[in-house]
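**Student:** Mind having a look at this structure? Questions to follow.
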Amino acid sequence: MRFWGMFRFTLSEALRKGTLLFYFGIATLILLILSFGIGRQPSDQNVITFFGKPMILSGPISFNAIEFLLIQLHSLSSFWIILFGVLGVAGLIPEMLEKGTIDLFLSKPLSRMELLFARALGSVMGMSVNMIYFIFGIWCIFGLKLGVWNTGFLASSIYLTYAFLCLFSVVTIAGLITRSAGFSIMLTFAFTIIAWGLELREKGLYMIWDNTLYHRFLDGLYYGLPQFDAMLANCTRIIGKNPFNPNVADFTFMPFVYSFFSTCLLYGLSLWYFSRQDY
Amino acid sequence: MEALQTNDLTKHYRTGAFNKKNIPALEKVSLSVEQGEIFGLLGPNGAGKTTFVKLILSIVHPTSGTATILGYPLGQRTLKEYCGYLPENHRYPAFLSAEHTLLFLGRLNGLPESVLKEKAHALLETVGLKDWAKVKTKKFSKGMLQRLGLAQAMINNPKILFLDEPTDGVDPLGRKEIRDLLLRLKAQGTTIFLNSHLLSEVEMICDRVAILNKGKVVRTGTITELTTQKLAYIVQLSSPISKEIRDRLQQTILPIEYHDTNLIVTLRDKSELNQIIDILREGGIGIEGMTQQKTSLEDYFIQIMKGENGQ
């Protein structure tokens, strides 16, 4: 009851954030354009049209144009969804810690654990609702207008939510320590750059210093932190295989599994820190 | 049974990232508040009043010492179900109306939805915000926010109510209404713990007070105990006294003050009172009454603070 009370409040607070409202507006615009614009050519059902004009998509023999379109749309939008998500809800943790607000919350019969997790989950859900709206909208448009119901595309929203939940563990601990939305956003973006660097460590960071200990250290960091970049890549892979990049590995759960442990660790550290603080 | 009992409650804040400094906020504070009384905690800025309440509500952690609230040890979550708190400089979500703010905070108190709405409306009426129920709190003045704060503190029918500067920003009429409300709550058995700078108000409604200075309790007692000057008396005379009698009185006792037919005397001990009566009677002056002199709480507070700070 108390947990859900705080969760509901945080969700409604998140949905009112200007950044997410802006995202909602952009997403609605894209959905409207797609719903009016996309279709099949009446004379040749294999040709996809955009406002009546055929879309020229050429590729390998087994090329699935619609799947390819979905993959492109997903890989382009997932980054923006996460960006808007972080910008929109990163401030919710520091705002909770403001004088006059935290006193009020902590005076209620709500444990610090309930308060922190309700706040974190509500924030993630605020972003997730917007993201699901966009993905579900595209899924419906592609299904209704092109007759393709790609379940992988729809399922990617769950994986994206999970990836954002993992990323939000970084936002949470950064917000608790710095008590500043700006710092917490900066630290989160710094983390996404580090996660990207670690994902490509074999082709990049390994080259800086040819030392086994250094390489093991990078490996440790890679497995010890949420594998954000790998999770995003896998969210796209679940839709289908990119015909232009056949060497890319298939969808795997492993980054989600590894990230589960590191995310639990980060949320655990956040809780430990939050529980010890005086406000 | 005591509503609140603290034993040597101490709080030292540690500041600085590397070179940690210890800042004492409270030093071995032992207080006892009886159930159903209005207790005032007074002190200058930075005396530790807010820290004390925050310690009780586990918003800050104690360095040492123990406390029980309604029999529950400090830090137990259940005890918060029986507490209401109006923090100083409280902030409410600007996008919520007064009604929705109460509903949200009522949910955090674990109140069922079935009773929440009715309760919220009743409280808004009690604090005079009935007509503002649907208005967003961002449009509220400070006084209105204070009233809303009071309503949220009462939403769970608390057995003990902690109020930090409850009349801050409220107009005189509103202050009177709040005082009356607190007295009504007291009559219903609610214990009220009040932090306030407005000593005249504290004097009007508090049964007992404690004065805190630099984290230490320097005085505790009822308002009467603190404001009554035990050896100062006002003697009401039937007629003015002559210079001769006045000189005799001044030779006998400590300095006297004489206003119209009121004689204010400060004694070294009570036996001097008989001497005064004898001198007055010998001079043919009738005595119409005699009362112990009282000072205002504010005067007493200033006197104590000056003494404590060596001025």
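The values are calculated or read from the model by the stated rules, or taken from the named source; none is laboratory data. All of these numbers come straight from a predicted model, not from anything done at the bench. For neighbour counting, all protein chains shown are included, and Cβ atoms are generated from backbone atoms with ideal geometry for every residue, glycine included. When the accessible area is computed, the model is the full protein with side chains, heavy atoms only, and any ligands, DNA or RNA have been set aside. Shrake-Rupley method; radii C 1.70, N 1.55, O 1.52, S 1.80 Å.
**Student:** So what is the 222 nm mean residue ellipticity for chain B from helices alone, if each DSSP H run of at least 4 adds -39500 (n - 2.57) and you divide by all residues, rounding to the nearest 500 deg cm²/dmol?
**Tutor:** -10500 deg cm²/dmol
**Student:** Would the stretch B:226-297 count as rounded, prolate or oblate if I go by the C-alpha gyration tensor, calling it rounded below 1.5 in a/c and otherwise prolate when a/b exceeds b/c, oblate otherwise?
**Tutor:** prolate
**Student:** Over the stretch B:226-297, what is the relative contact order in whole percent, taking alpha-carbon pairs under 8 Å and six or more residues apart?
**Tutor:** Relative CO of the stretch B:226-297 lands at 52 percent.
**Student:** Still on this structure, please answer the following. To the nearest 10 Å², what's residue B:246's accessible area with a 1.4 Å probe?
**Tutor:** 80 Å²
**Student:** Applying 1/(1 + (r/R0)^6) with R0 = 60 Å to the Cβ-Cβ distance of residue A:219 and residue B:216, what FRET efficiency is obtained, to the nearest 0.05?
**Tutor:** 0.60
**Student:** Here's a follow-up. Show me the trypsin sites (Lys or Arg not before Pro) within the stretch A:71-167 that DSSP assigns to loop and that have at most 16 other Cβ atoms within 10 Å of their Cβ.
**Tutor:** Sites meeting the loop and neighbour criteria: A:99.
**Student:** Right, next: Treating the beta-carbon of each Lys and Arg as +1 and of each Asp and Glu as -1, no other charges, what is the dipole magnitude of the stretch A:45-142 about its Cα centre, to the nearest 20 debye?
**Tutor:** Value, rounded to 20: 40 debye.
**Student:** With a ≥ b ≥ c taken as the square roots of the eigenvalues of the C-alpha gyration tensor of chain A, please select rounded if a/c is under 1.5 and otherwise prolate if a/b is larger than b/c or oblate if it is not?
**Tutor:** Verdict is oblate for chain A.
**Student:** How long, wide and thick is the stretch B:55-128, going by the Cα atoms along their three principal axes, in whole angstroms, largest first?
**Tutor:** Taking the Cα atoms of the stretch B:55-128, the three principal extents are 41, 27, 19 Å.
**Student:** Under 10 Å, Cα contacts only: if you run a Gaussian network model on chain B, which one of B:161, B:280, B:41 comes out with the highest mean-square fluctuation?
**Tutor:** Residue with maximal mean-square fluctuation among B:161, B:280, B:41: B:280.
**Student:** Any idea what the relative contact order of chain A is, in percent, if you count C-alpha pairs under 8 Å spaced at least 6 apart?
**Tutor:** Reported as a whole number, the value is 24 percent.
**Student:** Among the listed pairs B:159/B:214; B:54/B:138; B:119/B:139; B:54/B:119; B:119/B:176, which have their C-alpha atoms separated by more than 32 angstrom in this model?
**Tutor:** none
**Student:** Could you tell me which chymotrypsin sites (Phe, Trp or Tyr not before Pro) in the stretch A:1-59 are loop residues by DSSP with no more than 15 other beta carbons within 10 angstrom of their beta carbon?
**Tutor:** The qualifying sites are A:51.
**Student:** Using a Förster distance of 22 Å, how high is the FRET efficiency between residue B:292 and residue B:32, based on the Cβ-Cβ distance and rounded to 0.05?
**Tutor:** Efficiency computed from Cβ-Cβ geometry: 0.25.
**Student:** Peptide B:67-80: average number of partner chain Cβ atoms within 10 Å per residue?
**Tutor:** Per-residue shielding by partner chains comes out at 1.
**Student:** In nanometres, what is the gap between the two model label sites at residue A:32 and residue B:139, each 7 Å from Cα along Cα-to-Cβ?
**Tutor:** Using points 7 Å along Cα→Cβ, the separation is 2.9 nm.
**Student:** A follow-up question, please. In peptide B:85-93, how many Cβ atoms from other protein chains are near each Cβ within 10 Å, on average?
**Tutor:** 5
**Student:** So which chymotrypsin sites (Phe, Trp or Tyr not before Pro) in the stretch A:93-198 end up in coil per DSSP with only 15 or fewer other C-beta atoms within 10 Å?
**Tutor:** For chymotrypsin sites (Phe, Trp or Tyr not before Pro) across the stretch A:93-198 that sit outside H, G, I, E and B with at most 15 neighbouring Cβ atoms in 10 Å, the list reads A:149.
**Student:** Same structure, new question: Note down the relative contact order for the stretch A:135-279 as a percent, whole number, built from C-alpha pairs under 8 angstrom at least six residues apart.
**Tutor:** Contact order relative to length: 29 percent.
**Student:** Helix-only mean residue ellipticity at 222 nm, chain A, DSSP H runs n ≥ 4 weighted -39,500 (n - 2.57), per residue, nearest 500. What is it?
**Tutor:** Dividing the helical sum by the residues of chain A leaves -24000 deg cm²/dmol.
**Student:** Also: Which one, B:154, B:144, B:204, has the greatest fluctuation when you compute a Gaussian network model over chain B with C-alpha springs under 10 angstrom?
**Tutor:** B:204
**Student:** Along the principal axes of its C-alpha atoms, what lengths does the stretch B:4-223 span, in descending order and rounded to whole Å?
**Tutor:** Principal extents (largest minus smallest coordinate, Cα): 49, 42, 32 Å.
**Student:** OK, next. Under a Cβ-only charge scheme (Lys and Arg +1, Asp and Glu -1), can you give me the dipole magnitude of the stretch A:185-275 about the Cα centre, in debye to the nearest 20?
**Tutor:** The dipole of the stretch A:185-275 has a size of about 100 debye.
**Student:** Now for a separate question. Hand me the tally of lysine pairs in chain A: alpha carbons under 24 angstrom apart, and the pair either on different chains or 8 or more positions apart.
**Tutor:** 5
**Student:** Partner chain Cβ atoms within 10 Å, averaged over the residues of B:152-163 - can you pull that number for me?
**Tutor:** Taking all residues of B:152-163 together, the mean is 1.
**Student:** Give the accessible surface of the stretch B:4-223 per residue, rounded to a whole number of Å², with probe radius 1.4 Å and ligands, DNA and RNA excluded.
**Tutor:** That works out to 42 Å² per residue.
**Student:** Given R₀ = 45 Å, FRET efficiency for residue A:180-residue B:113 by Cβ-Cβ distance, to 0.05?
**Tutor:** Efficiency, rounded to the nearest 0.05: 0.80.
**Student:** Mind giving me the nanometre distance, one decimal, between the label points for residue B:18 and residue B:61, set 7 Å out from Cα along Cα→Cβ?
**Tutor:** 2.5 nm
**Student:** Can you give the angle from 0 to 90° between the axis of helix A:181-199 and the longest principal axis of chain A, with both taken from C-alpha atoms, to the nearest 10?
**Tutor:** For A:181-199 against chain A, the angle is about 60 degrees.
**Student:** On the accessible surface of the stretch B:226-297, probed at 1.4 Å, how many percent belong to carbon and sulfur atoms?
**Tutor:** 46 percent
**Student:** Okay, moving on. Which of rounded, prolate, oblate describes the stretch A:39-151, given a ≥ b ≥ c as roots of the alpha-carbon gyration tensor eigenvalues and a/c under 1.5 marking rounded, otherwise prolate only if a/b is larger than b/c?
**Tutor:** It is prolate, given that a/c is not under 1.5 and a/b is the larger ratio.
**Student:** Report the antiparallel proportion of the DSSP beta bridges in the stretch B:4-223 as a percent, rounded to a multiple of 5.
**Tutor:** About 55 percent, rounded to the nearest 5.
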